[in-house]
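What follows is a single structure, written as structure tokens, with notes after it.
Laboratory data are not the source of any read-out in this text; all were calculated from the coordinates shown. Note that the coordinates shown come from a computational prediction; the quantities given were computed from them, not determined experimentally. Heads up, the Cβs are rebuilt from the backbone with ideal geometry, glycines too, and the neighbour counts pull from every protein chain shown.
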Amino acid sequence: MSTGRIVAGCIAPHPPHLVYAENPPQNEPRAECGWETLRWAYERLRKDLDALDYDAIVILSPHWQTYIGTHFLGLPHFKSLSVDPVFPNLFRYHYDLNVDVELAEQICDAAAADGLVTKMMRNPDFRVDYGTLVSCHLTRPSWDKPIVSISSCRNLHYYNTDVMQAQAMALGRATRRAIEASGKRVVVIASQSLSHRHFTREADVPEDMSREHIYDHHQYLWDMKLIGMLKKGDTAGVLSLMPEFVEQAVAEADSGALSWLLSALEIPSYPAEVYGYGTIIGTGNAVVGWFPEQEAP
Amino acid sequence: MSVIGGFIVSGLPHPLLCPDANPGYAALRRGYEAAREEISRLNPDVLLVYSTMWPSVIGHQLQADPAPKWTHVDELFHDLGSIPYTFRIDADLAHGWCAAGQERGLQLRTVSYHGFPIDTGSIVALKLLNPDNAVPAVICSSNVYADRSETIVLAKSAVDALEAQGKRAVAVCVMSLSNRLFTTFIDPSEDRIHSKKDEEWNAKLLQFFSEGRLEDVTQLSRQIQRQIRVRKVVSFKSLWWLSALMGAHNHYAGTVYGYAPVVGTGASVIGLIPASRSFGDREFDEDTVERFDGDRHILGGLEDPNL
């Protein structure tokens with residue numbers, strides 16, 4: 001009998017500002033400080049994850065955008081330089097990571113068996129997207145766990161939020177089934193912000209926190225609404241509210257990452273651990289965790 | 001005259017990486033080659049590339065690395081192969097355009113970083129239109145939040161910079177006509193425009209372009225966005241940029257060098273050369289704009305001039 005299971009699920013936002021402010025040796029730019037409430041939230045998440053025994057990280061990132069199906073990194077090793085196309089002044093990150101190709105193929109096959117369009121990415125020159133890199137770095141800076149990187153199939157643009165969510169949830173169920181069959185213990189990550197309206201101007205000193213705030217109160221109210229529901233364990237309500245949330249808050253959940261995560265976690269009804277909330281260039285971000293084994297009867 | 005020609009080209013990689021996979025891709029490849037010859041005949045000092053496939057958030061960004069070099073892989077069509085490139089960028093013009101844009105109120109900045117991810121569309125356009133880097137280029141992003149006024153001012157600031165530096169440019173607009181891809185993998189032999197509606201709109205746009213009616217098409221941008229554009233961004237603005245850059249009129253000799261479906265989208269290679277002939281001067285619904293003052297203050301009193 002398989003012992004594979006999801007040991008934790010996380011919302012891990014990926015603004016590159018957070019890696020920039022941490023000053024890891026992999027990143028070329030240097031910062032003085034910045035976005036501490038979110039970085040400290042990540043510290044607390046890491047502490048809880050470090051207490052777990054797990055084999056791999058499975059992550060879905062909005063910044064690997066595929067318009068034909070869902071794609072998976074399909075080579076065992078990637079090493080290159082990632083330069084953020086939007087914030088190149090903040091993120092020029094030298095990465096060196098390993099992929100659990102076996103698990104990636106299992107998830108890819110499970111999703112295909114359920115009727116989803118899937119593809120493995122086997123080009124060795126492919127550059128891993130910065131959303132995956134930022135969220136994985138902040139979740140596990142030692143990079144000592146192999147990852148499975150899943151693209152965001154942009155169904156919302158072609159159809160609507162309901163179709164996006166239906167397919168993302170199907171992918172979540174396939175992800176869970178494949179993990180259980182693999183015998184591995186896995187952390188699953190939705191790499192995303194909540195509200196996602198950016199300022200279009202940047203402070204001269206990007207980490208000048210006197211200039212950082214939510215884009216507008218409307219976005220803030222939506223973020224608090226979502227976080228309140230997560231804290232109460234009402235993830236079914238979050239899924240029901242998703243079309244309004246995506247439209248009203250320009251939410252990055254349009255990528256399907258949050259719907260996929262909640263589906264993979266079997267739509268948890270227990271409270272999420274909200275480690276912290278903060279804004280980054282106007283967007284709303286929360287670091288959130290679910291720990292199914294702690295909730296098991 | 002600072003802008004001596006304008007070209008509209010698709011940015012999908014198939015004509016570059018697999019032109020023989022389908023007669024349409026091959027026809028597009030020949031279209032790029034014909035456009036390349038026309039650009040060579042025009043002998044510009046610089047190519048100005050506006051790519052709908054390079055999204056930006058902090059205003060617009062201009063590529064200013066004098067010699068960017070990388071091996072690119074498309075995030076969707078990675079199985080078609082890698083694209084090694086080295087380009088020649090006119091950094092002086094990029095900086096001049098940036099300063100001119102800031103003078104007109106735009107948030108505009110240059111980027112010059114090793115490994116900066118130049119987008120597939122810009123790479124395809126430059127590899128096929130300017131394979132030997134005979135002409136230096138400047139590449140401009142497409143801001144996801146920008147609308148008409150910001151885009152028009154962006155174009156006018158480019159003209160400011162060209163005039164200040166005494167340079168003659170050919171503009172290259174990287175865009176599809178209809179941009180709906182199939183959502184399943186198709187055999188190239190089965191490629192076609194995604195729907196009859198897209199096909200009919202594309203035919204109408206090609207007719208306008210071949211008649212040199214650039215500003216007429218541009219005035220339809222909002223309608224085009226509603227009808228045949230998958231709304232990844234707030235508006236269909238590339239033609240606003242091209243027409244404002246070239247003078248916002250219909251006095252062109254238009255040539256359709258190629259048109260074919262690429263994975264369902266309407267891919268084309270179109271040239272617009274200023275000409276004495278005209279489809280007529282008209283009064284247009286939307287006025288031109290000279291300066292961008294932002295949009296947040298429209299709610300009244302909420303504008304933070306610094307953010």
Margin query: So if I check each of A:H213, A:H218, which one is within 14 Å of chain B (Cβ to nearest Cβ), over 23 Å from A:E36 (Cβ atoms) and either of a type in the set (S, T, N, Q) or in contact (Cβ under 8 Å) with a residue 24 or more places away in the chain (or both)?
Written below: A:H218
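Please indicate, with yes or no, whether at least one residue in segment A:74-85 is of a type in the set (K, R) and at the interface with chain B (Cβ under 8 Å from one of its Cβ atoms). Outline the logic, then answer.
If we filter segment A:74-85 for residues that are of a type in the set (K, R), which is where we start, we get A:79.
Subset that is at the interface with chain B (Cβ under 8 Å from one of its Cβ atoms): none.
Within segment A:74-85, none of the residues are of a type in the set (K, R) and at the interface with chain B (Cβ under 8 Å from one of its Cβ atoms).
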Item checked: segment A:130-149 - residue that is out of contact with any Cys (no Cβ under 9 Å at 6 or more places or on another chain) and within 13 Å of another protein chain (Cβ to nearest Cβ) and, of those, surrounded by the most Cβ atoms within 10 Å (Cβ to Cβ) -> A:L133
Note to self: I need the full set of residues from segment B:120-153 which are touching a Ser or Thr at 6+ places or on another chain (Cβ under 6 Å), farther than 20 Å from B:E103 by Cβ and hydroxyl-bearing (S, T, Y), in order please.
What the structure shows: B:S122, B:S142, B:Y145
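Among the residues of segment A:255-279, what is the count of those that are of a type in the set (A, V, I, L, M, F, W, C), over 24 Å from A:H71 (Cα atoms) and surrounded by fewer than 24 Cβ atoms within 10 Å (Cβ to Cβ)?
Filtering segment A:255-279 down to residues of a type in the set (A, V, I, L, M, F, W, C) leaves A:257-258, A:260-262, A:264-265, A:267, A:272, A:274.
Narrowing the set further to residues that are over 24 Å from A:H71 (Cα atoms) leaves A:272, A:274.
Those still in the list that are surrounded by fewer than 24 Cβ atoms within 10 Å (Cβ to Cβ) too: A:274.
Residues flagged as of a type in the set (A, V, I, L, M, F, W, C), over 24 Å from A:H71 (Cα atoms) and surrounded by fewer than 24 Cβ atoms within 10 Å (Cβ to Cβ) within segment A:255-279 amount to 1.
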Checklist line | Tally of residues being out of contact with any Ser or Thr (no Cβ under 6 Å at 6 or more places or on another chain) and either without any contact (Cβ under 8 Å) to a residue 12 or more places away in the chain or facing another protein chain (nearest Cβ under 10 Å) (or both) across segment A:48-67 | finding: 4
Checklist line | Residues that are away from chain A (no Cβ under 14 Å), surrounded by fewer than 23 Cβ atoms within 10 Å (Cβ to Cβ) and either assigned to a strand (DSSP E or B) or of a type in the set (A, V, I, L, M, F, W, C) (or both), drawn from segment B:47-70 | finding: B:A67
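From the list B:L177, B:L214, exactly one residue is in contact (Cβ under 8 Å) with a residue 60 or more places away in the chain and within 30 Å of A:C153 (Cβ to Cβ). Which is it? Write out each step before concluding.
Working: B:L214 fails: within 30 Å of A:C153 (Cβ to Cβ).
Just one listed residue meets the conditions, B:L177.
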Item checked: Residues of segment B:52-87 classified as free of Cβ contacts under 8 Å to residues at least 60 places away in the same chain and more than 24 Å from B:Y145 (Cβ to Cβ), total -> 16
Item checked: All positions within segment B:223-243 that are closer than 17 Å to B:T52 by Cβ, without any contact (Cβ under 8 Å) to a residue 24 or more places away in the chain and assigned to a helix (DSSP H, G or I) -> B:I224, B:Q225, B:R226
Item checked: Matching residues, segment A:256-297, being out of contact with any Cys (no Cβ under 9 Å at 6 or more places or on another chain), in a helix (DSSP H, G or I) and in contact (Cβ under 8 Å) with a residue 60 or more places away in the chain -> A:A257, A:L258, A:S259, A:W260, A:L262, A:S263, A:A264, A:P292, A:E293
Checklist line | Scope segment A:72-114; condition closer than 18 Å to A:G4 by Cβ, over 20 Å from the mean Cα position of the chain (by Cα) and small (G, A, S); matching residues | finding: A:A110, A:A113
Next item on the list: Could you list, in sequence order, all residues of segment A:86-97 that are within 15 Å of A:H17 (Cβ to Cβ) and more than 7 Å from chain B (Cβ to nearest Cβ)?
Entry: A:F87, A:N89, A:L90, A:F91, A:Y93
Notebook entry, point to check: Of all residues in segment A:90-103, how many are touching a helix residue (DSSP H, G or I) at 6+ places or on another chain (Cβ under 9 Å) and of a type in the set (A, V, I, L, M, F, W, C)?
Noted result: 4
Next item on the list: Find all pairs meeting these conditions: Cβ atoms under 6 angstrom apart; at least six residues apart or on different chains; first residue within segment B:105-122 and facing another protein chain (nearest Cβ under 10 Å) and closer than 18 Å to A:L90 by Cβ; second residue surrounded by fewer than 21 Cβ atoms within 10 Å (Cβ to Cβ) and of a type in the set (K, R).
Entry: B:Q107/A:R201
Next item on the list: Mind counting the residues in segment B:184-226 that are out of contact with any Phe, Trp or Tyr (no Cβ under 6 Å at 6 or more places or on another chain), surrounded by fewer than 18 Cβ atoms within 10 Å (Cβ to Cβ) and of a type outside the set (A, V, I, L, M, F, W, C)?
Entry: 17
Item checked: Any hit, segment B:102-123, residues being charged (D, E, K, R), within 19 Å of the chain's Cα centre (by Cα), surrounded by 19 or more Cβ atoms within 10 Å (Cβ to Cβ) and more than 12 Å from B:L62 (Cα to Cα) -> yes
Note to self: With the requirement that a residue be within 14 Å of chain A (Cβ to nearest Cβ) and not in a loop (DSSP other than H, G, I, E, B), what does segment B:81-93 give you?
What the structure shows: B:I83, B:P84, B:Y85
Notebook entry, point to check: Are there any pairs, at least 6 apart or on different chains, whose C-beta atoms fall under 7 Å, with the first in segment B:88-103 and aromatic (F, W, Y) and the second surrounded by 23 or more Cβ atoms within 10 Å (Cβ to Cβ), and if so, which?
Noted result: B:W97/B:L62; B:W97/B:V138; B:W97/B:S157; B:W97/B:A158; B:W97/B:A161
